[in-house]
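Chemist: First the structure, which I've put down as structure tokens, then a few questions once you've had a look.
Read-outs: derived from the displayed coordinates by stated rules, not from any lab. Everything quoted here is computed from the prediction, not taken from an experiment. With ideal geometry, Cβ positions are generated from the backbone for all residues, glycine too; neighbour counts draw on all protein chains shown.
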Amino acid sequence: MTEKRVEFTLATKLAAWRRCEGKCESCKTPFYGKPKAYDHINPTVFSHNASLENCQVLCVECHTRKTGEEDIPAVAKSNRVLKREAGLTRVGSIRTWRSR
């Protein structure tokens with residue numbers, strides 16, 4: 001089952017833009033016409049929350065770092081735990097796969 005991604009409304013993006021005052025909310029670098037990303041603080045796969053409280057404006061560098069280092073690993077772990085709890089994967093030790 002694939003769930004539809006929850007996007008921010010234009011009103012939420014505008015409110016987040018006003019709140020950030022033209023600077024990345026992570027590194028505080030001014031945008032000055034540079035591309036920006038409206039990022040979910042808690043990934044939508046966990047919260048389905050597109051409110052202002054879950055929105056942050058990030059520069060492309062910070063967004064790429066956060067997505068790669070925080071969001072993707074957290075979602076992957078969540079998927080692994082879900083599959084294991086549902087009995088869809090074998091629970092094994094390192095010794096088990098080494099002996100194959």
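Chemist: Given the rule -39500 (n - 2.57) for each run of at least 4 DSSP H residues, summed and divided by the residues of the chain, what is its mean residue ellipticity at 222 nm, to the nearest 500 deg cm²/dmol?
Modeler: On the way: 5 runs with 41 residues, N = 100.
Helix contribution divided over all residues of the chain: -11000 deg cm²/dmol.
Chemist: Normalised by the number of residues in region 10-87, what is the relative contact order in percent for Cα pairs under 8 Å and 6+ residues apart?
Modeler: That works out to 31 percent.
Chemist: May I pose another question? Normalise the Cα radius of gyration of region 10-87 by 2.2 N^0.38 Å (N = residues in it) and let me know the number.
Modeler: Numbers: Rg = 14.6 Å, N = 78, 2.2 N^0.38 = 11.5 Å.
That works out to 1.27 for region 10-87.
Chemist: Find the lysine pairs in region 10-87 meeting two conditions, Cα atoms under 21 Å apart and a separation of 8 or more places or different chains, and report how many there are.
Modeler: Taking region 10-87 as the scope, the lysine pair count is 13.
Chemist: Among the GluC sites (Glu not before Pro) in region 19-83, which ones are in a DSSP loop with at most 16 other Cβ atoms within 10 Å of the Cβ? Mind listing them? Can you show the working numbers first?
Modeler: On the way: sites: 21, 25, 53, 61, 69, 70; in loops: 21, 25.
Taking region 19-83 and a limit of 16 other Cβ atoms within 10 Å, the loop GluC sites (Glu not before Pro) found are 21.
Chemist: Against the longest principal axis of the chain, how steep is helix 72-85, in degrees 0 to 90 to the nearest 10, with axes from Cα atoms?
Modeler: Taking the Cα atoms of the chain, the angle to 72-85 is about 40 degrees.
Chemist: Calculate, in nm to one decimal, what residue 18 and residue 89 gain on full extension: separation in residues at 0.36 nm each, minus their alpha carbon distance.
Modeler: Working: separation 71, 0.36 × 71 = 25.56 nm, distance 4.62 nm.
Gain on stretching residue 18 to residue 89: 20.9 nm.
Chemist: Restrict the search to region 15-88; then list the chymotrypsin sites (Phe, Trp or Tyr not before Pro) that DSSP places in a loop and that have at most 13 other Cβ atoms within 10 Å of their Cβ.
Modeler: On the way: sites: 17, 31, 32, 38, 46; in loops: 31, 32.
Sites meeting the loop and neighbour criteria: 32.
Chemist: Using a 10 angstrom cutoff on alpha carbons, build the Gaussian network for the chain and name the most mobile of 84, 65, 19.
Modeler: 84
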